[in-house]
Amino acid sequence: MEQSKIPSRGQWGSRLVFIFAAAGSAVGLGNIWGFPMNVAQNGGGAFVLVYLFFMFVVGFPVMLAEMVLGRAGEKNPVGALKNLKKGTPWYLVGGLGVFTGFVILSFYIVISGWTVFYFFQAAGGNLILPEGTAEAGVYFEEMYESMTANAGYEVVFMGIFLILTAVIVAAGVRTGIERAIKISMPLLLIILLILMFRALTLEGAGEGLKFYLVPDFSQLTFGTLNMALGQAFFSLSLGMGVMITYGSYLSKKENLPTSAGQVVSMDVVIAILAGLIIFPVIFFTVVVHGGDLDSLLMSGMGLVFQVFPQILGELPGGDGAVIFFSSAFFLLLGIAALTSAISILEVITAHLVDDWKIGRRKAAWLSSGAVFVVAIPTALGFGASAFFTNLPFAGGMSVFEVKYLLTFQILLPVGALGLSLFVGWVWGIPNALKEIQHETPTFVLKRTWCFMIRYVAPIAILIVLGSNLVSIFLG
Ligand code: PHE
């Protein structure tokens, strides 16, 4: 890779690196942990269909819009919007993004910490079912609960994960992350495929697929629509400026529409795959071991952590295979989470560097310190502290649930709405097209994209947000 022309602000080595970084941000816990959980809790196949619709009709246009904004604005979301529309308050949309990133990171690292915990369990052989265990489901449920209810584990593993994230961001994204992603993404895909083949051949798999893939539209409410939209944004890392920040490190000669399309496709594939594993295993547990379907579907955050170890035990090859596959799986899941967490911390750090003139190292560590403090109540809200687990003023929700719903149902959709309006109406389509056609003179989807970013995306977001708010307030 040629190093000579790298400007002081930092630039990706090639388009491929940018794609991997953007895909690394997009593919994370949202795909493997969040997606199946949301499908399970929001009625199955109908949710999947709505989610796919939002991914392509709203997600893709907004993805391209963010990349364009970043490359044209050459800064973090706040600085970029300031650059592109000087003297107007539109940079506040970028500010909302930085704030949203802060909220997301303060719960994301908790779940990521769990992957670290499970990796150590896996490597230590603790995911091998002890002789005479009657119920694998019960065994893994107990393991999960003993972790989440333990304040020490929660804080320490989350801390380890955050320190890793901060070290990489402080060093500059270019050096370490690029290599890590190039290896980990293909490996993750391979492991997921192996698990998928095993899952699909389990007894009860057909029932699982039916739940997952056959839509039952009577399950849809405005709340589910809103969750599907939030899931699409979260999973694509949109609505808070990750792609603006990453786009700002991209050279002028790279093709943006293709990049956006590739990132969206990879993200969709990994989420769909995760579901092809989880749902057969859930129904296997129900059909073969007499598990209770409703409680499994509603088990929420723990779902993935309790279900994946069960299928690992079903692979041929004995204890060695369990140790190998389980460590590899949680390691790769941890890396996928790491590349996502890095992108969030990068937004906050780039904001401090660009707009507050703080050195990169200091900025990365300062923001991580603040995130850590704000994350502690989240970490303790899974049983370790009764107060944070059942907030009395939030109808008994946990700190995690409050932050998570706030992000999915409000912050990300509102951020994405602001960005689409900014590109479609304020900074304007001609400017955006100039930036895109700079290197892609024959932008085939030109008309479609313009129409989507001006009308379809904002209107869809407004309808979904508005009707959900109305339905919340009217009961
Ligand atoms: N897209 C990431 C995931 O699916 C999470 C994320 C959200 C990352 C928002 C950056 C910004 O896990």
Checklist outcome for this item: Exactly one of 146, 112 is over 24 Å from the mean Cα position of the chain (by Cα), polar (S, T, N, Q) and part of a helix (DSSP H, G or I), and that one is 146
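Taking helices (runs of 4 or more DSSP H) that do not extend beyond the range 345-459, which have at least 1 residues that are farther than 23 Å from residue 168 by Cα and over 24 Å from the mean Cα position of the chain (by Cα)? Walk me through it before giving the result.
Numbers: elements: 360-380, 386-389, 399-405, 412-421, 429-437, 446-451.
Output list reads 386-389, 429-437, 446-451.
Just to be sure before I move on: is residue 203 loosely packed, with under 15 Cβ neighbours inside 10 Å and farther than 26 Å from residue 408 by Cβ in the structure I sent? If you could, list the steps in order and put the result at the bottom.
Numbers: loosely packed, with under 15 Cβ neighbours inside 10 Å: yes; farther than 26 Å from residue 408 by Cβ: yes.
Taking the combined requirement at face value, the residue satisfies it.
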Checklist entry - Can you list the helices (runs of 4 or more DSSP H) found entirely within the range 1-99 that contain at least 2 residues being at pLDDT 90 or above and within 15 Å of the ligand (Cβ to nearest atom)? => result 15-26, 35-41, 45-54, 60-73
Checklist entry - How about the range 335-378: which of its residues are modelled with pLDDT under 95, away from the ligand (no atom under 16 Å from the Cβ) and open to solvent by less than 40 Å² (accessible area, probe 1.4 Å)? => result 354
Checklist entry - Has the range 180-196 got at least one residue that is away from the ligand (no atom under 16 Å from the Cβ) and open to solvent by less than 10 Å² (accessible area, probe 1.4 Å)? => result yes
Checklist entry - Does the range 225-237 include one or more residues that are more than 22 Å from the chain's Cα centre (by Cα) and more than 28 Å from residue 327 (Cβ to Cβ)? => result no
Item to check | Number of the exception - residue 230 against (1) open to solvent by less than 10 Å² (accessible area, probe 1.4 Å); (2) within 16 Å of the ligand (Cβ to nearest atom); (3) over 26 Å from residue 296 (Cβ atoms) | outcome: (3)
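So for the range 318-330 (the condition being farther than 27 Å from residue 22 by Cα, surrounded by fewer than 23 Cβ atoms within 10 Å (Cβ to Cβ) and in contact with a helix residue (DSSP H, G or I) (Cβ under 6 Å, 6 or more places away or on another chain)), does at least one residue qualify? Before the answer, list the steps.
In the first step, residues of the range 318-330 are kept if they are farther than 27 Å from residue 22 by Cα; the result is 318-324.
Still in the list and also surrounded by fewer than 23 Cβ atoms within 10 Å (Cβ to Cβ): 318-324.
The next check asks that each one be in contact with a helix residue (DSSP H, G or I) (Cβ under 6 Å, 6 or more places away or on another chain); those that pass are 322.
Checked the range 318-330: at least one residue is farther than 27 Å from residue 22 by Cα, surrounded by fewer than 23 Cβ atoms within 10 Å (Cβ to Cβ) and in contact with a helix residue (DSSP H, G or I) (Cβ under 6 Å, 6 or more places away or on another chain).
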Item to check | Condition check for residue 394: among the small types (Gly, Ala, Ser) and open to solvent by 30 Å² or more (accessible area, probe 1.4 Å) | outcome: no
Item to check | Search result, residues across the range 233-269 that are open to solvent by 10 Å² or more (accessible area, probe 1.4 Å) and part of a helix (DSSP H, G or I) | outcome: 234, 257, 258, 261, 262, 265, 266, 268, 269
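The values are calculated or read from the model by the stated rules, or taken from the named source; none is laboratory data. Being a predicted model, the structure only gives us computed values, none of them experimental. For neighbour counting, all protein chains shown are included, and Cβ atoms are generated from backbone atoms with ideal geometry for every residue, glycine included. In case anyone asks, the SASA skips ligands and DNA or RNA and just uses the protein heavy atoms, side chains included. Shrake-Rupley method; radii C 1.70, N 1.55, O 1.52, S 1.80 Å.
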